[in-house]
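Following: one structure in structure tokens, then a few remarks.
The values are calculated or read from the model by the stated rules, or taken from the named source; none is laboratory data. Just so we're clear, the structure is a prediction, and the values are computed from it rather than from any experiment. Ideal geometry is used to build each Cβ from the backbone, glycine not excepted, and the neighbour counts take in all protein chains shown.
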């Protein structure tokens, strides 16, 4: 797949979702104090973001297992395959640029063999919106925290899918394609060493990236 096709299929939609999440800020500041602030807009965003997470997980898993049946799988299948091939996903730490917000590890729960809370929220508001859950109506869990964490989870997947196409399957030393799918609002902390610059031109270095992903476990990954 070339970069233009990747952008057309995946990246442009990610940017649309990212823009919509941050467009809520004038009405509800992105801040820990607003973690439980809920709205129909957050509900809509969580449904959209997690629907795309399902799509990208299928593509990632299929890249590792060509016989993977994308029509008969779910989040537990994604967890098993991605933790086998990309255990680093559980340790990815993200920050929101220009915001005094907590560090986010959206896939950390996979390290403990269960699914993230934001995914539980997604399932509840999708399938059981009219029920009570943890002491309040399920739809009231469609809050800012779940929206932001699910968006960060999607960003990790987009970057991982890009690595599959443009880093692991290429002999290029510097991959300009990866610069085309780098968020200006969310940063993946473990990835800072993959980016270098020379005379004002930025590059994505494949060698440290390949070393990072060729480690068989997150604990043994490069620091």
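Summary of values
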quantity	calculated
Unmet criterion (only one of (1) more than 14 Å from the chain's Cα centre (by Cα); (2) under 26 Å from residue 21 (Cα atoms)) for residue 108	(1)
Conditions (1) more than 26 Å from residue 51 (Cα to Cα); (2) not in a loop (DSSP other than H, G, I, E, B): number failed by residue 170	(2)
Subset of segment 177-223 (residues that are over 19 Å from residue 89 (Cβ atoms), modelled with pLDDT under 90 and touching a helix residue (DSSP H, G or I) at 6+ places or on another chain (Cβ under 8 Å))	202
Some residue of segment 58-81 being in a loop (DSSP other than H, G, I, E, B), more than 14 Å from the chain's Cα centre (by Cα) and closer than 20 Å to residue 145 by Cβ	no
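So that you can scan it fast, the table gives a plain yes or no per residue for (1) within 26 Å of residue 209 (Cβ to Cβ); (2) in contact with a helix residue (DSSP H, G or I) (Cβ under 6 Å, 6 or more places away or on another chain):
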| position | (1), (2) |
| --- | --- |
| 2 | yes, no |
| 21 | no, yes |
| 49 | yes, yes |
| 53 | yes, yes |
| 56 | yes, yes |
| 62 | yes, no |
| 87 | yes, no |
| 90 | yes, yes |
| 115 | no, yes |
